[in-house]
Amino acid sequence: MMNPIELKKAVGSGLLSFPVTHFDDQLKFDEAKYRRHVEWLAGYDAAALFAAGGTGEFFSLNPAEIPQVIRAAKASAGKTPIISGTGYGTSLAIEIAVAAEKAGADGLLLLPPYLMFAEQAGLIAHVKAVCQSVGIGVIVYNRDNAVLTADSIARLAEECPNLIGFKDGVGDVDKVIEITTLLGDRLVYVGGMPTHEVYAQAYFAAGVTTYSSAVFNFVPALAQRFYGALRTGDQATVDEILKGFFFPFVALRNRKKGYAVSIIKAGLRVLGQNPGPVRPPLTDLTQEELALLEKIVQANGVTRIAAE
């Protein structure tokens, strides 16, 4: 496992992704297919992979399954760091965090707590408790009912040496600028909006120069090409990929709630892989929507993967 400083450096070194979690027809974890998928993704030079994260259906996994997913990811990812999701209430988040660390996770992504909104003091206590329960690095995910202020992040960074990162899924770029300006290089900053590529240029200007890419699951070469164009200022390529792939992709994703996850599994299906269905309460794409996604993929020169 990496120490927190090593993980911070790795996360900031390139594009990130979060593998979908494979299920069989009975909605049980399909470890063999998941391991093959993680091994394939690791070959495309992701800086780190978030196992059992949002796109990995963390919310539908039970706590006993998460260490299984982490062990499978670690066994297949080679040298690519594996960051486990954790979340819900503080007690359960700690339980998952400790189990993930024992399973070999290099770090943790702390997702928002379940259901309740809370004051800053409560959110600080929650993040601090999780950080203090493990020795590995922690990235806090600002999103939904867990939105920390710049002052709160600064306090946590001072009190929690293993808090190494801040991921934003809110989209208030002015607040992100306040945090990056206040904290400087104390943390690594990660973009975490759904299909973050369409927001990436604004976030780059705010000092957030890496992000987690969901589409990396099924178009990793395209995802890396887009990221490389952003980093080198190749605006023509950025615009080409946005117009040809990401804008129509987002339009399809926005058809129904929960499709931010479902459409990624559908992308693998279009390419001849079988990640299995999403677990309820999510729903899979319709056959018509699968056909539309296939047209988007084909229009961008992505070839089919050999069917498993």
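The values are calculated or read from the model by the stated rules, or taken from the named source; none is laboratory data. None of the values given here were measured: they were computed from a predicted structure. Virtual Cβ from ideal backbone geometry, glycine too; neighbours counted across all protein chains shown. Surface areas here come from the heavy atoms of the whole protein model, side chains and all, with no ligands, DNA or RNA. Shrake-Rupley method; radii C 1.70, N 1.55, O 1.52, S 1.80 Å.
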Worksheet item: Do we have any residue at all in the range 271-294 that's surrounded by 17 or more Cβ atoms within 10 Å (Cβ to Cβ) and small (Gly, Ala, Ser)?
Response: yes
Worksheet, complete the sentence: Cβ pairs under 9 Å, 6+ apart or interchain, first in the range 255-275 and of a type in the set (Phe, Trp, Tyr), second assigned to a loop (DSSP other than H, G, I, E, B) and surrounded by fewer than 23 Cβ atoms within 10 Å (Cβ to Cβ), ordered by first then second residue, are TYR259/LEU282; TYR259/THR283
Fill in: Odd one out for GLN68, checked against (1) touching a Phe, Trp or Tyr at 6+ places or on another chain (Cβ under 7 Å); (2) surrounded by fewer than 21 Cβ atoms within 10 Å (Cβ to Cβ); (3) part of a loop (DSSP other than H, G, I, E, B)
(3)
Worksheet entry | Filter pass, VAL198 being surrounded by fewer than 16 Cβ atoms within 10 Å (Cβ to Cβ) and in contact (Cβ under 8 Å) with a residue 40 or more places away in the chain | yes
Item to complete: Return yes when THR80 is out of contact with any strand residue (DSSP E or B) (no Cβ under 7 Å at 6 or more places or on another chain), of a type in the set (S, T, N, Q), open to solvent by less than 30 Å² (accessible area, probe 1.4 Å) and in a loop (DSSP other than H, G, I, E, B) and no when it is not.
Response: no
Discussion item. Among the residues of the range 280-294, what is the count of those that are within 14 Å of PHE247 (Cβ to Cβ) and either modelled with pLDDT under 95 or more than 22 Å from the chain's Cα centre (by Cα) (or both)?
Written reply: 1
Practice prompt. Check whether at least one residue in the range 170-184 is open to solvent by 10 Å² or more (accessible area, probe 1.4 Å), acidic (Asp, Glu) and not in a loop (DSSP other than H, G, I, E, B), and report yes or no.
Written response: yes
Item to complete: Residues being open to solvent by less than 30 Å² (accessible area, probe 1.4 Å) and under 30 Å from ASP185 (Cβ atoms): count how many of those fall in the range 13-37.
Response: 6
Discussion item. Within the range 221-228, does at least one residue satisfy the condition of being closer than 24 Å to LYS265 by Cα and either open to solvent by 50 Å² or more (accessible area, probe 1.4 Å) or among the acidic types (Asp, Glu) (or both)?
Written reply: yes
Practice prompt. Check the range 277-288 and report whether any residue there is without any contact (Cβ under 8 Å) to a residue 40 or more places away in the chain and on the phi > 0 side of the Ramachandran plot.
Written response: no
Worksheet item: Of the residues in the range 243-262, how many are closer than 16 Å to GLY301 by Cβ and surrounded by 18 or more Cβ atoms within 10 Å (Cβ to Cβ)?
Response: 3
Worksheet item: Does the range 105-144 hold any residues that are polar (S, T, N, Q) and open to solvent by 20 Å² or more (accessible area, probe 1.4 Å), and which are they?
Response: GLN120, GLN132, SER133
Practice prompt. Consider VAL127 carefully, then state whether it is of a type outside the set (Asp, Glu) and in contact with a strand residue (DSSP E or B) (Cβ under 7 Å, 6 or more places away or on another chain).
Written response: yes
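Looking at the structure I just gave you, is THR237 open to solvent by 10 Å² or more (accessible area, probe 1.4 Å) and under 23 Å from LEU16 (Cβ atoms)? Steps first, answer last, please.
Values: open to solvent by 10 Å² or more (accessible area, probe 1.4 Å): yes; under 23 Å from LEU16 (Cβ atoms): yes.
Spelling it out, THR237 is indeed open to solvent by 10 Å² or more (accessible area, probe 1.4 Å) and under 23 Å from LEU16 (Cβ atoms).
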